[in-house]
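To keep things clear, I will list the structure first and then write my remarks on it.
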Amino acid sequence: MLIIGHAALPINLCDAMIDMHEAAPFTELKSINEEHEGHFIPLHDEDQDKAKFTNECGVTSYFIGGTNPDFNQIMEWIDEFVPWGDDFETIAYMQILHYPMESYMNWHKDSADEGDTGTVIFNLNEDFTGGNFHLDGHTITPYTGSMVAFNNSTERWHGVEPILTGERYVLSIWFAPPREEEQESMTEYDTLEEDAPTHPKTQLKL
């Protein structure tokens, strides 16, 4: 599966998430797994859901977990734009990523995230050169507000070209299977009122 949505996210929300990333303070880490972005141990446990750090590829990641107030704000902004389907029901974690000039993301499969069901990437700006996203032989040029969604990230090669000029911002969201007790409640369309929206609400994996 590969879904591409052009102008999926309004520009004002894209700008708000860039500001959110810039406002977040950097986090002291005990360690970071350089083989896969996002696997880290903060020095203080309370920073787990709000960690911000720069990886070996030069990309700065702002990790946003369920106890972080920014999580609920982002969900309020994006929930209606997330694709439908079982692969995109339960969020494992999300990050706002900043790619400065000459940073990149190596070609990789998400082997460290074996439980992932889907990945959604919202591009937050386009005033840069380079930085195209690659997935299974497809080259995808990022535009402000555009969305890329795909599944089976543990089996599919993907990466980001080096940024040649400017800087690139994205919101990346990884999804996981819902807990068994949540599955029925998240797909009960028959309980919705007639005028209620039919898009199932995205859940957080606890």
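Overview of results
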read-out	value
His36, sole failed condition from (1) under 24 Å from Trp157 (Cα atoms); (2) modelled with pLDDT of 90 or more; (3) of a type outside the set (S, T, N, Q)	(2)
Hits in segment 79-123 (condition: under 17 Å from Gly65 (Cα atoms) and assigned to a helix (DSSP H, G or I))	Asp79, Phe88
Residue that is nearest to Ala149 (Cα to Cα) [pool: residues in segment 49-79 that are in contact with a strand residue (DSSP E or B) (Cβ under 6 Å, 6 or more places away or on another chain) and of a type in the set (S, T, N, Q)]	Ser61
Tabulated pairs, segment 137-153, first on the phi > 0 side of the Ramachandran plot and in a loop (DSSP other than H, G, I, E, B), second surrounded by 15 or more Cβ atoms within 10 Å (Cβ to Cβ) and among the aromatic types (Phe, Trp, Tyr), C-beta under 8 angstrom, 6+ apart or interchain	Gly145/Phe122
Test result for Asn152, modelled with pLDDT under 95 and more than 12 Å from the chain's Cα centre (by Cα)	yes
Whichever residue in segment 108-136 is modelled with pLDDT of 95 or more and on the phi > 0 side of the Ramachandran plot and, among such residues, is surrounded by the fewest Cβ atoms within 10 Å (Cβ to Cβ)	Gly130
Check on Met105, farther than 23 Å from Pro10 by Cα and at pLDDT 80 or above	yes
Pair list, Cβ under 6 Å, 6 or more apart: segment 165-188 residue under 28 Å from Pro10 (Cα atoms) and at pLDDT 50 or above, other residue among the aromatic types (Phe, Trp, Tyr) and assigned to a helix (DSSP H, G or I)	Phe175/Phe88
Selection status of Met105, more than 14 Å from Ile173 (Cα to Cα), surrounded by fewer than 18 Cβ atoms within 10 Å (Cβ to Cβ) and touching a residue at least 60 places away in the same chain (Cβ under 8 Å)	no
Residue in segment 2-23 that is closer than 18 Å to Val160 by Cβ, part of a helix (DSSP H, G or I), touching a Phe, Trp or Tyr at 6+ places or on another chain (Cβ under 9 Å) and β-branched (Val, Ile, Thr) present	yes
Residue match in segment 53-63 (condition: charged (D, E, K, R), in contact (Cβ under 8 Å) with a residue 40 or more places away in the chain and surrounded by fewer than 20 Cβ atoms within 10 Å (Cβ to Cβ))	no
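The values are calculated or read from the model by the stated rules, or taken from the named source; none is laboratory data. All values reported here derive from a predicted model rather than from experimental measurement. Heads up, the Cβs are rebuilt from the backbone with ideal geometry, glycines too, and the neighbour counts pull from every protein chain shown.
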